1. Output the Cα-based Rg and Dmax of segment 94-146 in Å, rounding Rg to one decimal and Dmax to a whole number.
2. Taking 25 Å as R0, compute the FRET efficiency from the Cβ-Cβ separation of His175 and Asp117 and round it to 0.05.
3. Just from its helices, what would the mean residue ellipticity at 222 nm be for the chain, if runs of 4 or more DSSP H residues each count -39500 (n - 2.57) and the sum is divided by every residue, rounded to the nearest 500 deg cm²/dmol?
4. Go through 128-138, 177-187 and give me the packing order, highest mean Cβ count within 10 Å leading.
5. Past 29 Å, Cα to Cα, is the threshold; run Lys37/Lys195; Lys30/Lys165; Lys37/Lys157 against it and keep the listed order.
6. If you compute Cα extents along the principal axes in Å for the structure shown, which of (i) 56, 37, 34; (ii) 45, 40, 27; (iii) 52, 36, 35 do you land on?
7. Considering only the other residues whose Cβ falls under 13 Å of the Cβ of Arg152, what net charge follows from Lys and Arg at +1 and Asp and Glu at -1?
8. GNM on the chain, C-alpha springs below 10 Å: top fluctuator among Gly57, Gly127, Gly23?
Amino acid sequence: SFPAVERWLGNAIGDLPEYCIKGQAELAKKHSENTWKLLLACSLFDRSAGVSRDMLGYVADLSIADRDDGLSRLQHLCLINRMSNDRFWVLPIVQRYSQANYSSNGYGQFLTSRWLDCLSTYAQDKGIDLEWQFHLAAEFSIEYPNLLDALRWARSKGNWDVTFKLAEGIWVYPHLIGLYNELDEILEAAEDAAKQLNDPIKN
């Protein structure tokens, strides 16, 4: 069954991801560097939440036309999947292959920087006033897994400015819906960032 195959692909280790994905990935690269950048960008996002077209275009720094052309090619190559709400995600085996090749063509640092910038900006724009604009909660809930992933990544790498921006923007959501373990984690991250930044206002 498809779910069984998907579970097997999700647990694939060793050389299997490269063996299964490399040929399709090379076709994506051959189509254009933009297509390859889109695949790498999509692999940065949580698979269950997916990522919107707009965010993918921003992270990969592409025009609307180049973005949509690349997404069509990636879907044709079965490297990327489209949800019913027009968000995109990749299988675990594709994500692992992409993550192992982030440094290809020097895109890794560039894409990661834009990924963090995109999500921290979203958190600041949509999250800080969430308690007073509860109508935004449904939209915010879709993006929350991506925001939490970015916070954890930034904290693990000691990127304290981004850590604080994300924590400041997302703590209201778990507070509102009762995710208290995650709320504690976010507040601890904010405290760590404030101490590391040595900012008396943040402290």
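No value in this document is a laboratory result; all are computed from the given coordinates. Being a predicted model, the structure only gives us computed values, none of them experimental. Neighbour counts are summed over all protein chains in view; Cβ atoms, including those assigned to glycine, are modelled from backbone coordinates with ideal geometry.
1. Over segment 94-146's Cα set, Rg and Dmax evaluate to 14.9, 44 Å.
2. 0.50
3. Values: 11 runs with 136 residues, N = 203.
-21000 deg cm²/dmol, from helical runs alone.
4. Output ranking for 128-138, 177-187: 177-187, 128-138.
5. Numbers: Lys37/Lys195 35 Å; Lys30/Lys165 38 Å; Lys37/Lys157 23 Å.
Beyond 29 Å between Cα atoms: Lys37/Lys195; Lys30/Lys165.
6. (iii)
7. Here the count lands on -4.
8. The residue that fluctuates most here is Gly23.
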